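Data first, discussion second: the structure below is written as structure tokens.
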Amino acid sequence: MSFKNLVGMFFKYPDTTRVTGAVEQNGRNDNDSATVQLTINGTVYKREVESRYLLVDFIRHEVGLKGTHIGCEHGVCGACTVLLNGNSARSCLQFAAALDGAQITTIEGIAEDGDLHPVQQAFHELHAVQCGYCTPGFLLTSIEFLRSHANPTREDIRRALVNNVCRCTGYVNIVEAVHKAASQLCHNSSEYDREQT
Amino acid sequence: MNAIDDWTLVGESILRREDAYLLRGQGKFVDDLPVPQNTVHLGFVCSPFAHANITGIDISRAVALPGVIDVLTGNDFVGDILPFKPDIKIEGYREISRPVVATDTVRFVGEYVAVVLAETPYIAQDAIELVDVEYDPLPAVARIEDALDREAPVIFESLGDNVIFKSHFETEGFADHFASVEHVLEGEFHLGRVTGVPIEPRGCLGVIDPVADSYTLWTTTQVPHVVRTAIADHLRLPESIIRVVTPAVGGGFGVKSHIYPDELIVVALMRRYRRAVKWIQDRREELLSDAHAREHIHRIKVAVDAEAVIQAVELKLQTNGGAYANYPFSCTLEATGAARMLPGPYRIRNYKYDVVSVVTNTAPTGAYRGTGQPSCFLAIESMMDRIGRELNIDPADVRLRNLVQPEEFPYVNAVGVRYDTGSYKESLEKALEISGYREYKNRQPKDRLIDGKYRGIGICNYTEVSGTGAPGWRVRGFAKMPGFDSSRVVIEPDGRVAVYLSQADAGQGHYTTFAQVAADRLGVAWSDVTVIEGDTSKTPFGTGTFASRGSVVGGGSIIRCCEKVSAKVKRIVGEMLEIDPSDLVLSDGRVYPLGTPDKGLTLKQVAETAYSMNDIAMPEGEEHGLEATDYYDPPMVTMANGTHVVQAAVDPGDGTVEIERYFIVHDCGRVINPMIVRGQIHGATAQGIGEALMEEIVYDEDGQLLNANLLDYVLPLVLDIPDMEIAHIETPSIDTVGGIKGTAEGGLTGAVPAVANAVCDALSGLGINISRVPLRPSFILAQIDKAAG
């Protein structure tokens, strides 16, 4: 009987915990694995994973959120961008096992109550998406940027997006969409301010 | 029917319906599909040598790893999967074949040597490293000039040398015309090797139908029907038991219009192991072994009179075909494309070309956006500038004097391609106007030095081959490229419409634009039309989506198909209302006599009759159902056109090029959705800027690929791409249904020469002629240093 099964005899895991096949299937012994608890889009996931298991594989294959895409697996293209404790991060460069306790937001956590986030809405209206593969990374990078930049110029936006690669749009409409979303968000927050005063 | 003047929805910038899922991360790309339990995951062992004999493969360490199901080598597929040997029927082409996994010899870095079957992708990766392959390295050739060297190692013994394709063409009396002209200018132009780099790498998932003996391959392709035929041919299976489906595809750019070894292997293995089989490519594999493009050398002579009018052009073109013939295009796609398209929008009546394509120990070349056109227009458009400098005439005026004039349409060019309509002169004049070209030129100092940078302006006029039909493929030797595309339009029992199309979207917005076309022609709401494509079991046979053909051939087929369906609707209603069917119109979801909309029926009511869901009998002789199928084979090609004007600044300190302003005039005939057309122009232009300034696959002399990652294969980022000022001209085709011309490639074709010419103009004060792309900072600095002596 493995150590893992012994633990199972004494502790009842909460419902969110499901020790999956990742470890057993990979034929590795337990020394190579670790238990990690991640909060993704507000839900807690506790899993035992191989220490080399990438965050992006955890998100995609353990949790089943397929909106985080793999484009290069060496941190250049930005398609796999997520918000890690609020900051944009490449999930292909992170080991899940090293992130115990982290808070993660993926593209699936952006549209609240089914309505598109203002950045998503602007991408739609200004045709800033073609094949859609790089898009989740651009959206999360933009959302992070706009949180701290209320009134960006197009040049500011270009600098903020320079680490994401898009091969379809030539970036022109992406820059316009982020610019439009910025004014939309700015408008929303000033309305909010007026309501507060 | 070609001329349609009652468009309703065509021409509107309708927002895309596919955004709803793509923006939420809910697009189902191949790696997002649910996999059956017990799926086998593949990994490929790739050759690290450019040229070597395989002397032994020891799989024992790999198969001993827990979770490894099997490891197969080339010999395990011999007999099971026939080698690729594209059917190219053109004089001067010599056949070579490629096993899906190398057996005795490897011929490029990245060629498949063994296949690992494992329970998970991680184990497959581990096992790849445990397969011990022994190689006996052979001398390799990577470059065109080395391959043509008399002493060069011969890559295919069957060829005797390294030439795979030779082609010659000349117009009547060429030598005399050429000899009679005063000025002859010569130029040599090199294009670097590039590739499409869709952000989604390729991948496939093969699933066995649990009931019937049939196989479904989900694959990232632009050509699902061509893939299915290739599987049937190479695995000797009936086509009827194979279904090819494309999920959402993350960019294609021509790279995904080939059929690759892995697609055949996945199908063969699911048959052999009776399990689902999945493979997802990684970025290194994509850069090593997916179709590369360009690596062309043009040596061009232009005979020009004192008025700068071109009298004759002679081209010697060499291209690097790579180690094998990519299926189905081989290297002849770009080679014939570059040679045949060179006259472009210009009245070049006397033309001669000689093409030589070589095999080398590099990745096989094939299709990439623009195919051949960025290459030949770099040559001819650079020569336009050189003529201007030589004769002291503004390069814009040189172009104006040589363009095919408006009254000359329809025009047949020197190689026999018909230009039915076009706006060549208007396009250039408009581009000069919106870019302020003349004022810029008047202000420009002779040394081009403004505020510490060399600043210049460059022009490119281009034609864009689009919507190639069967005659266009045959004339270039592609025996198995159909040319037509097809649609099935069904008015469902509820009166709504389904359009089944033989093509496959890779981000172009088909689900929106083709719904627009059908809704427009059937007079129904756009939201009531569903478009289904990318599935061989649901759609009729067709060619697929590449070479700027989607809107021309797919759109044309839908228009024709809708005519057939609406004719049936009118016959039924005509009988019911005792009215001549030709007096009926379809509009607002209703069928009614022209001018009396309150008198007719709804489409739903007609459908109820057609599907026998009411007591009204069908007219005598009329079958049940309300649908039609159409196979549309367009003319040889349809030519779109446009002009790019670029202002660029070169920093003499670090050799970097900044694009300061970008102007585009674009004419793709009837526009279905202007917003989407602009998006295509933006994206293609950005790729052209990449090809002009930074992108290049680099092999060393021994055929080792030096930059198979995205840090070293430099893609354009948002700071590299300027805003683009775009003006449209709409000159409908008179040859294609609906007047549509294609639009996906012109941006790239226009950008490469326009950027190069802008840089060349900027450096003209130093006496520098630009003769290659990409124009990387190190190259520019070397040119400046050389000029300074």
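The values are calculated or read from the model by the stated rules, or taken from the named source; none is laboratory data. Computed from a predicted structure; not experimentally measured. Here the Cβ positions follow ideal geometry from the backbone for every residue, glycine too, while neighbour counts run over all protein chains shown. Remember, those area values only see protein heavy atoms, side chains included, never the ligands or the DNA or RNA. Shrake-Rupley method; radii C 1.70, N 1.55, O 1.52, S 1.80 Å.
Given H placed on each backbone N at 1.01 Å, which residues far from B:V35 in sequence or on other chains put an amide H within less than 5 Å of it?
Residues meeting the criterion, in which the H sits 1.01 Å from N, do not exist here.
How far apart, in nanometres, would the label points at B:T171 and B:R236 be if each is projected 7 angstrom from Cα along the Cα-to-Cβ direction?
For the pair B:T171/B:R236, the computed spacing is 5.1 nm.
Leaving out ligands, DNA and RNA but keeping every protein chain, what accessible area does B:C562 have, in Å² rounded to the nearest 10, with a 1.4 Å probe?
Rounded to the nearest 10, the figure is 0 Å².
What does the charge count around B:V184 come to, taking other residues whose C-beta lies under 12 Å from its C-beta (Lys +1, Arg +1, Asp -1, Glu -1)?
Surrounding charge for B:V184 is -3.
If you take the square roots of the eigenvalues of the alpha-carbon gyration tensor of the protein assembly as shown and sort them as a ≥ b ≥ c, do you get rounded (a/c under 1.5), prolate (a/b over b/c) or oblate? The partial results should precede the final answer.
Working: a/c = 1.33, a/b = 1.11, b/c = 1.20.
Rounded.
Work out the P(r) tail for the stretch B:203-350: percent of alpha carbon pairs separated by more than 25 Å, whole number.
45 percent
Could you pull out every residue, at least 5 positions away or on a different chain, whose amide H is within less than 5 Å of the one on B:V404? Hs are placed 1.01 Å off N in the peptide plane, and Pro or chain starts have none.
Amide H neighbours of B:V404: B:Y346, B:R347.
Taking Cα pairs under 8 Å and at least six residues apart, what relative contact order does the stretch B:231-340 come out at, in percent?
The normalised contact order for the stretch B:231-340 reaches 20 percent.
Amide H neighbours of B:A52 under 5 Å, counting only residues 5+ apart in sequence or on other chains, H built in-plane at 1.01 Å?
Placed amide hydrogens put B:V106, B:L138 under 5 Å from B:A52.
Of B:K430/B:K453; B:K316/B:K425; B:K430/B:K741; B:K352/B:K430; B:K453/B:K786, which sit over 23 Å apart, Cα to Cα?
B:K430/B:K453; B:K316/B:K425; B:K352/B:K430
For the pair B:V698/B:Y611, report the inter-label distance in nm, with labels modelled 7 Å from Cα in the Cβ direction.
It works out to 6.2 nm between the two label points.
For the protein assembly as shown, with the dipole built from +1 on Lys and Arg beta-carbon atoms and -1 on Asp and Glu ones, taken about the Cα centre, which of B:G765, B:T229, B:G206 lies farthest toward the positive end?
B:G765
Work from the charge dipole of the protein assembly as shown (Cβ charges, +1 for Lys and Arg, -1 for Asp and Glu, about the Cα centre) and give the residue of B:A754, B:A379, B:L715 farthest towards its positive end.
Projecting each Cα onto the dipole axis, the largest value belongs to B:L715.
Quick one: if you stick a label point 7 Å off each Cα along the C-beta vector at B:I434 and B:S778, how many nm between them?
Label at B:I434, label at B:S778, 3.8 nm between them.
Residue by residue, what Karplus-based ³J(HN,Hα) values in Hz, rounded to whole numbers, does the stretch A:37-45 have, using 6.51, -1.76 and 1.60 with θ = phi - 60° and x for Gly and Pro?
Going residue by residue, I get 10, 10, 9, 10, 6, x, 9, 8, 10 Hz, with x marking Gly and Pro.
Output ³J(HN,Hα) for the stretch B:484-490: one whole-Hz value per residue in order, computed from phi by the Karplus curve 6.51 cos²θ - 1.76 cosθ + 1.60 with θ = phi - 60°, and x for Gly and Pro.
Each residue of the stretch B:484-490 in turn: 8, 10, 9, 9, 10, 10, 10 Hz.
Please work out whether the stretch B:352-488 counts as rounded, prolate or oblate from its C-alpha gyration tensor, where a ≥ b ≥ c are the square roots of the eigenvalues and a/c under 1.5 means rounded, while otherwise a/b larger than b/c means prolate and anything else oblate?
In terms of gyration-tensor shape, prolate.
Give me the percent of DSSP beta bridges within the protein assembly as shown that run antiparallel, rounded to the nearest 5.
80 percent
In square angstrom, what is the accessible area per residue of the stretch A:37-139 with a 1.4 angstrom probe?
Normalised by residue count, the accessible surface of the stretch A:37-139 is 31 Å².
Rounded if a/c is under 1.5, else prolate if a/b beats b/c, else oblate: with a ≥ b ≥ c from the C-alpha gyration tensor eigenvalues square-rooted, which is the stretch B:713-789? Show your work: numbers first, answer last.
Values: a/c = 3.10, a/b = 2.32, b/c = 1.34.
In terms of gyration-tensor shape, prolate.
In Å², nearest 100, what accessible area do chains B and A bury in total when the solvent probe is 1.4 Å?
Between B and A, the summed buried area is about 4500 Å².
DSSP loop (so not H, G, I, E, B), at most 16 other Cβ within 10 Å: list which GluC sites (Glu not before Pro) in the stretch B:230-313 pass both filters.
Answer in residue order: B:E307.
Toward the positive end of the charge dipole of the protein assembly as shown, about the Cα centre and with charges on Cβ (Lys, Arg +1; Asp, Glu -1), which of A:G75, B:L333, B:G321 goes farthest?
A:G75
Within the accessible area of the protein assembly as shown, what % is carbon and sulfur when the probe is 1.4 Å and the other protein chains stay in place? Please report the intermediate quantities before stating the final value.
Details: 16730 of 34940 Å².
Looking at the protein assembly as shown in its full context, I get 48 percent from C and S.
Given R₀ = 22 Å, FRET efficiency for B:S771-A:T153 by Cβ-Cβ distance, to 0.05?
So the FRET efficiency works out to roughly 0.05.
Report the full-extension gain for the segment B:D494 to B:L711: residue separation times 0.36 nm, less the Cα-Cα distance, to one decimal in nm.
72.8 nm
Placing +1 at every Lys and Arg Cβ and -1 at every Asp and Glu Cβ, with all other atoms neutral, what dipole size does the protein assembly as shown have around its Cα centre, in debye to the nearest 20?
220 debye
Accessible surface of B:K301 in the full protein assembly, 1.4 angstrom probe, to the nearest 10 Å²?
About 70 Å², rounded to the nearest 10.
Suppose R0 equals 60 Å; then what is the FRET efficiency for A:H74 and B:K301 from their Cβ-Cβ distance, rounded to the nearest 0.05?
0.85
Keeping every protein chain in place, order A:S88, B:S180, B:S357 by accessible area at 1.4 Å, biggest value first, i.e. largest first.
B:S180, A:S88, B:S357
Considering only protein heavy atoms, what is the solvent-accessible area of B:R678 at a probe of 1.4 Å, reported in Å² to the nearest 10?
Here the accessible area works out near 90 Å².
Where in the stretch B:43-66 does the label zone of B:D132 land, with the point 7 angstrom along Cα→C-beta and an amide N cut-off under 11 Å?
B:57-62
List the lysines whose Cα sits under 19 Å from the Cα of B:K604, skipping any in the same chain fewer than 8 residues away.
B:K564, B:K568, B:K570
Rounded to the nearest 0.05, what FRET efficiency do B:V63 and B:E578 have when you use their Cβ-Cβ distance and R0 = 60 Å?
Calculated value: 0.15.
Would you mind getting the accessible area per residue of chain B, heavy atoms of the protein chains only, 1.4 Å probe, in Å²?
Accessible area per residue: 33 Å².
Report D for the stretch B:187-253 in µm² per second (integer): Stokes-Einstein, Kirkwood Rh on Cα pairs, 4 °C, 1.567 mPa s.
93 µm²/s
Just how large is the dipole of the stretch B:125-279 about the Cα centre, in debye to the nearest 20, putting +1 at every Lys and Arg Cβ and -1 at every Asp and Glu Cβ?
Dipole magnitude for the stretch B:125-279 comes out near 1340 debye.
For n ≥ 4 DSSP H runs only, could you compute -39500 (n - 2.57) per run for chain B, divide by its residues and tell me the 222 nm figure to the nearest 500?
Helix-only estimate at 222 nm: -8000 deg cm²/dmol.
Keeping every protein chain in place, order B:K85, B:K441 by accessible area at 1.4 Å, biggest value first, i.e. largest first.
Ranked from most to least accessible, the order is B:K85, B:K441.
Where nothing but the Cβ of Lys and Arg (+1) and of Asp and Glu (-1) is charged, how large is the charge dipole of the stretch A:81-197 around its Cα centre, in debye to the nearest 20?
For this selection, approximately 560 debye.
Which order do B:E608, B:E334, B:E129 take by accessible area at a 1.4 Å probe, largest first?
Result of the area sort, largest leading: B:E129, B:E608, B:E334.
Residues of the stretch A:112-127 losing 20 Å² or more of accessible surface, assembly versus chain alone, probe 1.4 Å, please list them.
A:G114, A:L116, A:Q120, A:H124, A:E125, A:H127
To make sure I understand the rule: partners must be lysines, Cα under 19 Å from the Cα of A:K66, and not fewer than 8 residues away in the same chain. Which ones qualify?
A:K46, B:K28, B:K278
Taking the C-alpha atoms of the stretch B:1-140, how large are the radius of gyration and the largest Cα-Cα span, Dmax, in Å?
Answer for the stretch B:1-140, Rg first and Dmax second: 23.0, 70 Å.
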